[in-house]
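*Asks:* Got a structure for you, written out below as structure tokens; questions coming shortly.
The values are calculated or read from the model by the stated rules, or taken from the named source; none is laboratory data. As the structure is a prediction and not an experimental result, all values here were calculated from the model. So basically every Cβ, Gly included, is an ideal-geometry build from the backbone, and we count neighbours across all protein chains shown. With ligands, DNA and RNA removed, areas are computed over all heavy atoms of the protein, side chains included. Shrake-Rupley method; radii C 1.70, N 1.55, O 1.52, S 1.80 Å.
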Amino acid sequence: MLRPSDTATRERKSLTGLWRFRLDPTGEGRSAGWFRGPLPEAGEMAVPASYNDISVDATARDHVGEAWYQTTVQVPRGWDGQRVVLYFESATHRATVWVDDVEVVSHEGGYTPFEADVTGRARPGSEARITVAVDNTLTFQTVPPGVVLDTPEGKRQKYWHDFFNYSGIHRPVWLYSTAPAHLTDLTVVTGLDGADGTVEYRADADGAAGAEVRVVLRDADGREVATGSGASGALRVPDVHRWAPGDGYLYDLEVQLVDGTGTLLDSYHQSVGVRTVEVRGTEFLVNGEPVHFTGFGMHEDHATLGKAHNDALMLRDFALLEWIGANSFRTSHYPYSQDVLDHADRHGILVIDETAAVGMNMGLGGGIFGTQGYTTFSPETINERTREVHGQAIRELVARDKNHPSVVLWSIANEPESETEGAERYFEPLFTLTRELDPTRPVGFVNVMLAPHGKCRVSQFGDVLMLNRYYGWYVDTGDLDAAERAWEEELRAWAGEGKPIIITEYGADTYPGLHTLPPTPWTEEYQVAYLDMNHRVFDRIDAVVGEQVWNFADFATTSGIMRVGGNKKGVFTRDRQPKAAAWALRRRWSGEK
Ligand code: GCB
């Protein structure tokens with residue numbers, strides 16, 4: 001699937017703005033046929049936005065089930081004879097879409113795109129009614145998992161991940177046109193050969209019998225550097241400008257579909273960063289050079305907007321990453337907006353790209369999420385069906401993000417139970433699947449403290465070890481000396497595995513403006529001392545090739561006695577202002593005072 005874009009042969013129309021909106025707490029919308037006409041008793045909702053924090057009403061914030069959206073669109077007259085497609089960048093967590101009275105698509109998974117060919121239904125020159133039922137229910141067969149409890153007060157959603165279950169249409173919606181004969185997918189794989197670069201490409205097309213594929217690669221100044229023809233092939237780029245951390249140099253690959261008379265049927269532009277990624281021993285190499293990841297686990301999370309993408313807020317986040325000297329981030333704990341990855345491509349930021357498989361760990365229940373006594377992997381809980389859904393989530397992530405040079409490592413899950421036989425059985429095929437889908441990038445998962453070295457049964461499948469550890473916070477709270485000793489001991493054991501280690505989380509909740517001397521937990525001083533301790537440990541162990549602090553910014557969570565107005569481990573506040581730790585990290589990562 002290609003993301004909608006305006007090209008010589010394609011046009012798109014944005015459907016962002018205010019839509020009609022209504023919650024459906026009793027689940028009556030489908031049987032009442034709410035899609036058959038103007039949505040009854042509807043209010044308004046912004047698209048894109050999470051609907052949870054817009055109203056002042058807890059029933060919207062805590063809604064469980066379907067929420068209905070509706071808009072009308074005038075299909076451009078000029079699209080006569082074209083294919084017309086309706087594309088959603090995301091709807092969290094699943095959606096069913098109708099055009100007028102007809103269901104056109106349904107999709108599972110809250111953070112990857114889906115589309116429906118609506119040619120013949122959305123007719124050029126006329127108006128079409130688009131209705132969407134977005135369901136935020138999480139079960140043991142969804143990714144991420146959850147359970148819905150029926151209580152005398154109504155449905156209550158429980159889940160085991162530490163961020164608020166923001167719901168709705170979080171990213172733009174597009175109506176777009178292509179010619180009947182059109183490109184359906186593009187794949188590029190880049191390589192290096194001395195000073196030259198190689199770009200292998202494959203173009204898939206539909207309805208294009210007899211048509212020819214032509215490709216042109218241009219540099220950032222628009223100069224043609226290579227051409228080719230055929231549905232697949234390899235281009236050579238003499239004296240290539242490599243894509244590298246801090247140098248987001250991009251070429252433009254124009255792919256054209258041309259018929260026998262030379263008429264252009266379809267044209268699509270794909271940006272290409274020429275680079276290689278490789279794991280060798282305990283090193284992580286980009287273009288053959290070892291890299292050390294600095295940065296954060298982040299969240300798509302903002303006041304009022306919830307998880308909606310917003311360009312201005314994205315630019316602010318990237319400005320802060322640059323200011324602090326970060327060269328990377330992880331899309332904890334779900335695929336981020338495609339605009340975020342495009343921006344990372346353009347700015348040479350390394351991305352660990354993660355699925356939404358978070359909270360698959362009933363052992364973590366206790367303190368933070370309230371234990372519910374479930375077994376993580378069992379026929380009644382996370383099971384074969386969940387693994388199919390998880391596999392599909394991996395397929396959609398790789399399909400969406402395979403061409404981004406910024407994406408250098410797949411993370412197929414965050415902190416699942418990984419110390420049991422059930423976990424080993426569950427995960428092995430998912431690693432195999434990811435490698436089949438993308439043999440060019442390393443694959444890993446993020447290990448939790450409950451499965452330390454010697455106990456974890458899933459790390460054996462990863463190319464890179466990604467560890468989340470909270471020595472000095474959740475254990476040895478306030479005792480950084482004890483934490484330093486215990487942490488170093490565990491990390492040395494992991495280093496013996498001979499794989500690169502990225503510390504994907506280490507952090508301490510910090511209430512901005514709270515100060516003590518000597519430093520105690522929750523203060524700005526303690527966050528700095530805690531990070532310093534971690535850095536001393538990392539600097540003593542060569543296999544550590546990355547440090548990503550948890551978290552970039554404070555973020556919203558579900559209610560709980562461990563959370564004060566959300567998770568406060570941000571180095572920046574939720575409105576993106578620095579805590580003391582931000583200055584300390586800046587000194588370490590950028591050398592700036
Ligand atoms: C973790 C999780 C992350 C939490 C964090 C915390 O290990 O991966 O989602 O927010 O700990 O702050 O407890």
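*Asks:* Taking the condition of being within 13 Å of the ligand (Cβ to nearest atom) and exposed (fewer than 15 other Cβ atoms within 10 Å of the Cβ), how many residues in segment 475-503 meet it? Walk me through how you get there before you give the answer.
*Replies:* Here is the first cut: in segment 475-503, the residues within 13 Å of the ligand (Cβ to nearest atom) are 475, 477, 503.
Remaining after also requiring exposed (fewer than 15 other Cβ atoms within 10 Å of the Cβ): 475.
Number of matching residues: 1.
*Asks:* Being assigned to a loop (DSSP other than H, G, I, E, B) and more than 16 Å from the ligand (Cβ to nearest atom) is the filter here, so list the residues in segment 416-433 that pass it. First the steps, then the outcome.
*Replies:* From segment 416-433, those assigned to a loop (DSSP other than H, G, I, E, B) are 416-420; that's our starting set.
Passing the criteria: only THR420.
*Asks:* Of the conditions (1) at pLDDT 95 or above; (2) not in a strand (DSSP E or B), ALA234 clears all except one; give me its number.
*Replies:* Going through (1) at pLDDT 95 or above; (2) not in a strand (DSSP E or B) one by one, ALA234 breaks only (2).
*Asks:* Keeping to segment 452-489, report how many residues are among the charged types (D, E, K, R), closer than 25 Å to ARG435 by Cβ and touching a residue at least 40 places away in the same chain (Cβ under 8 Å).
*Replies:* The first filter runs over segment 452-489 and keeps only residues among the charged types (D, E, K, R), leaving 455, 457, 463, 469, 476, 479, 481, 484-485, 488-489.
With closer than 25 Å to ARG435 by Cβ added as a condition, the list becomes 455, 457, 463.
Pick out the ones that are also touching a residue at least 40 places away in the same chain (Cβ under 8 Å) and you get 463.
Here the count works out to 1.
*Asks:* Exactly one condition in (1) modelled with pLDDT of 95 or more; (2) loosely packed, with under 15 Cβ neighbours inside 10 Å; (3) basic (Lys, Arg) is false for LYS593; which is it?
*Replies:* (1)
*Asks:* Is there a residue being under 26 Å from the mean Cα position of the chain (by Cα), open to solvent by 10 Å² or more (accessible area, probe 1.4 Å) and not β-branched (Val, Ile, Thr) anywhere in segment 83-96?
*Replies:* Yes, because at least one residue in segment 83-96 is under 26 Å from the mean Cα position of the chain (by Cα), open to solvent by 10 Å² or more (accessible area, probe 1.4 Å) and not β-branched (Val, Ile, Thr).
*Asks:* May I pose another question? Which condition breaks for LEU192 when tested against (1) at pLDDT 95 or above; (2) more than 25 Å from ASP342 (Cα to Cα)?
*Replies:* (2)
*Asks:* Let me ask another. Given VAL545, VAL549, VAL564, which one is outside any loop (DSSP other than H, G, I, E, B) and either within 15 Å of the ligand (Cβ to nearest atom) or closer than 18 Å to TYR166 by Cα (or both)?
*Replies:* Working: VAL545 fails: either within 15 Å of the ligand (Cβ to nearest atom) or closer than 18 Å to TYR166 by Cα (or both); VAL564 fails: outside any loop (DSSP other than H, G, I, E, B).
Unique residue meeting the criteria: VAL549.
*Asks:* Further question on the same structure: Which residues, taken from segment 111-148, are under 20 Å from ARG22 (Cβ atoms) and surrounded by 22 or more Cβ atoms within 10 Å (Cβ to Cβ)?
*Replies:* Of everything in segment 111-148, those that are under 20 Å from ARG22 (Cβ atoms) and surrounded by 22 or more Cβ atoms within 10 Å (Cβ to Cβ) turn out to be ILE130, THR131, VAL132, ALA133, VAL134, ASP135, ASN136.
*Asks:* Next question. Can you tell which of GLY513, GLY546 is surrounded by fewer than 19 Cβ atoms within 10 Å (Cβ to Cβ), small (Gly, Ala, Ser) and under 23 Å from ILE324 (Cα atoms)? Break it down into steps so the answer makes sense when it comes.
*Replies:* On the way: GLY546 fails: surrounded by fewer than 19 Cβ atoms within 10 Å (Cβ to Cβ).
Result: GLY513 is the single residue among GLY513, GLY546 that is surrounded by fewer than 19 Cβ atoms within 10 Å (Cβ to Cβ), small (Gly, Ala, Ser) and under 23 Å from ILE324 (Cα atoms).
*Asks:* In addition: Could you pull out the residue among VAL199, VAL216, VAL240, VAL188 that is touching a residue at least 24 places away in the same chain (Cβ under 8 Å), open to solvent by less than 50 Å² (accessible area, probe 1.4 Å), in a strand (DSSP E or B) and out of contact with any Ser or Thr (no Cβ under 6 Å at 6 or more places or on another chain)?
*Replies:* Values: VAL199 fails: out of contact with any Ser or Thr (no Cβ under 6 Å at 6 or more places or on another chain); VAL216 fails: out of contact with any Ser or Thr (no Cβ under 6 Å at 6 or more places or on another chain); VAL240 fails: in a strand (DSSP E or B).
One residue alone meets the criteria, VAL188.
*Asks:* While we're here: So, in segment 516-537, of the ones that are in contact with a helix residue (DSSP H, G or I) (Cβ under 9 Å, 6 or more places away or on another chain) and within 16 Å of the ligand (Cβ to nearest atom), which residue ends up most open to solvent (accessible area, probe 1.4 Å)?
*Replies:* Checking each candidate, the answer is PRO521.
*Asks:* Go through segment 103-178 and tell me which strands (runs of 3 or more DSSP E), entirely inside it, have 2 or more residues that are charged (D, E, K, R) and in contact (Cβ under 8 Å) with a residue 40 or more places away in the chain.
*Replies:* On the way: elements: 114-117, 127-135, 146-151, 154-159, 173-178.
The qualifying strands (runs of 3 or more DSSP E) are 127-135, 154-159.
*Asks:* In segment 442-457, what residues are under 22 Å from the mean Cα position of the chain (by Cα) and assigned to a loop (DSSP other than H, G, I, E, B)? Spell out the reasoning first.
*Replies:* Applying the first criterion (under 22 Å from the mean Cα position of the chain (by Cα)) to segment 442-457 yields 442-448.
Across segment 442-457, the qualifying residues are PRO442, VAL448.
*Asks:* Residues to consider are ASN383, ASN287, ASN310, ASN327; find the one that is more than 16 Å from the ligand (Cβ to nearest atom), open to solvent by less than 50 Å² (accessible area, probe 1.4 Å), in contact with a strand residue (DSSP E or B) (Cβ under 9 Å, 6 or more places away or on another chain) and over 29 Å from PRO416 (Cβ atoms). Step through it out loud before you land on a result.
*Replies:* Details: ASN383 fails: over 29 Å from PRO416 (Cβ atoms); ASN310 fails: open to solvent by less than 50 Å² (accessible area, probe 1.4 Å); ASN327 fails: over 29 Å from PRO416 (Cβ atoms).
Among ASN383, ASN287, ASN310, ASN327, only ASN287 is more than 16 Å from the ligand (Cβ to nearest atom), open to solvent by less than 50 Å² (accessible area, probe 1.4 Å), in contact with a strand residue (DSSP E or B) (Cβ under 9 Å, 6 or more places away or on another chain) and over 29 Å from PRO416 (Cβ atoms).
*Asks:* In addition: Out of ARG586, ARG540, I need the residue that is more than 16 Å from the ligand (Cβ to nearest atom), on the phi < 0 side of the Ramachandran plot and surrounded by fewer than 16 Cβ atoms within 10 Å (Cβ to Cβ). Which one? First the steps, then the outcome.
*Replies:* Numbers: ARG586 fails: surrounded by fewer than 16 Cβ atoms within 10 Å (Cβ to Cβ).
Of ARG586, ARG540, the one residue that is more than 16 Å from the ligand (Cβ to nearest atom), on the phi < 0 side of the Ramachandran plot and surrounded by fewer than 16 Cβ atoms within 10 Å (Cβ to Cβ) is ARG540.
*Asks:* Which numbered condition in (1) under 22 Å from THR557 (Cα atoms); (2) of a type in the set (D, E, K, R); (3) in contact with a Phe, Trp or Tyr (Cβ under 7 Å, 6 or more places away or on another chain) is the only one that GLU428 fails?
*Replies:* (1)
*Asks:* Moving on. Give the residues of segment 399-413 that are touching a Lys or Arg at 6+ places or on another chain (Cβ under 9 Å) and over 22 Å from VAL291 (Cβ atoms), sorted by residue number.
*Replies:* Passing the criteria: only ARG400.
*Asks:* Under the condition of being within 13 Å of the ligand (Cβ to nearest atom) and open to solvent by 10 Å² or more (accessible area, probe 1.4 Å), which residue from segment 552-561 is farthest from HIS292 (Cα to Cα)?
*Replies:* Just the residues of segment 552-561 that are within 13 Å of the ligand (Cβ to nearest atom), to begin with: 552-558, 560.
In the following step, the residues that additionally are open to solvent by 10 Å² or more (accessible area, probe 1.4 Å) were identified as 556-558, 560.
Details: ALA556: 29, THR557: 30, THR558: 33, GLY560: 35 Å.
Filtering first and then ranking leaves GLY560.
*Asks:* For residues that are more than 12 Å from the ligand (Cβ to nearest atom), farther than 19 Å from GLU354 by Cβ and open to solvent by less than 60 Å² (accessible area, probe 1.4 Å), tally how many sit in segment 434-474.
*Replies:* Qualifying residue count, segment 434-474: 3.
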